[in-house]
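Here the structure comes first, spelled out in C-alpha cells, and everything after it is commentary.
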Amino acid sequence: MGILIKPIVTEKMSIQGDKLNRYGFIVDRNANKLEIKKAVEQMYGVSVLDVNTANYRGKRKSRYTTAGMLTGRTNHYKKAFVTLAGDDKIDFYSNI
C-alpha cells in the first residue's frame, strides 16, 4: 500500500471501468508509471496495458471564524488512470 493510496470510486470512473476497462487511483506523488503498473498488477492480480498520470495542485481555502479569517490550502496529490488488458476486471466492493 506504499504506492497505491486509495481507488477513485466515482460515477465517472465506474462508467469508464465498464466501457473502457479503465480504473483510477490516488497514488504517491513520487511514484512513476512503471512502479504504479507493478503495484496494480501485484495487488489485484491483473495485467495492465497502459498507465496515465495527472498531478493536481492543492486549492487555496479561506474561512471566517470568531478568531478571524483563516487561510490555508488542501494537499497536492497525483492520480493514475490504469487501463487493463483483455477481460480483466477489478472489483473494489468484493471485501465489503
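The values are calculated or read from the model by the stated rules, or taken from the named source; none is laboratory data. From a predicted model like this one, the values you see are computed outputs, not experimental measurements. Neighbour counts run over all protein chains shown; Cβ positions are idealised from the backbone, glycine included.
Pull up region 11-23, narrow it to residues that are among the charged types (D, E, K, R) and loosely packed, with under 15 Cβ neighbours inside 10 Å, then point me to the one that is farthest from Ala85 (Cα to Cα).
Checked region 11-23; the qualifying residue farthest from Ala85 (Cα to Cα) is Glu11.
Condition check: in a strand (DSSP E or B), under 12 Å from the mean Cα position of the chain (by Cα), surrounded by 12 or more Cβ atoms within 10 Å (Cβ to Cβ) and without any contact (Cβ under 8 Å) to a residue 40 or more places away in the chain. Does Val82 satisfy that? Outline the logic, then answer.
Working: in a strand (DSSP E or B): yes; under 12 Å from the mean Cα position of the chain (by Cα): yes; surrounded by 12 or more Cβ atoms within 10 Å (Cβ to Cβ): yes; without any contact (Cβ under 8 Å) to a residue 40 or more places away in the chain: no.
When the stated conditions are applied, Val82 does not pass them.
(1) out of contact with any His (no Cβ under 7 Å at 6 or more places or on another chain); (2) at pLDDT 95 or above; (3) surrounded by 10 or more Cβ atoms within 10 Å (Cβ to Cβ): which one isn't true of Tyr44, the others all being true?
Answer for Tyr44: the failing condition is (2).
Could you check how many residues of region 69-79 are of a type outside the set (D, E, K, R), within 30 Å of Ser47 (Cα to Cα) and assigned to a strand (DSSP E or B)? So that I can check it myself, show each step before the final result.
Here is the first cut: in region 69-79, the ones of a type outside the set (D, E, K, R) are 69-72, 74-77.
Checking which are within 30 Å of Ser47 (Cα to Cα) leaves us with 76-77.
After this cut, where a residue has to be assigned to a strand (DSSP E or B) as well, the list is 77.
Qualifying residue count, region 69-79: 1.
Among residues belonging to region 24-41 that are more than 13 Å from the chain's Cα centre (by Cα) and either among the charged types (D, E, K, R) or modelled with pLDDT under 95 (or both), point out the one that is surrounded by the most Cβ atoms within 10 Å (Cβ to Cβ).
Among those residues, the one meeting the criterion is Glu35.
Does Ile5 qualify as being in a loop (DSSP other than H, G, I, E, B) and either within 14 Å of the chain's Cα centre (by Cα) or surrounded by fewer than 15 Cβ atoms within 10 Å (Cβ to Cβ) (or both)?
Against the criterion (in a loop (DSSP other than H, G, I, E, B) and either within 14 Å of the chain's Cα centre (by Cα) or surrounded by fewer than 15 Cβ atoms within 10 Å (Cβ to Cβ) (or both)), Ile5 does not qualify.
Does at least one position in region 76-90 carry a residue that is among the aliphatic types (A, V, I, L, M) and more than 14 Å from Phe25 (Cα to Cα)?
Within region 76-90, one or more residues are among the aliphatic types (A, V, I, L, M) and more than 14 Å from Phe25 (Cα to Cα).
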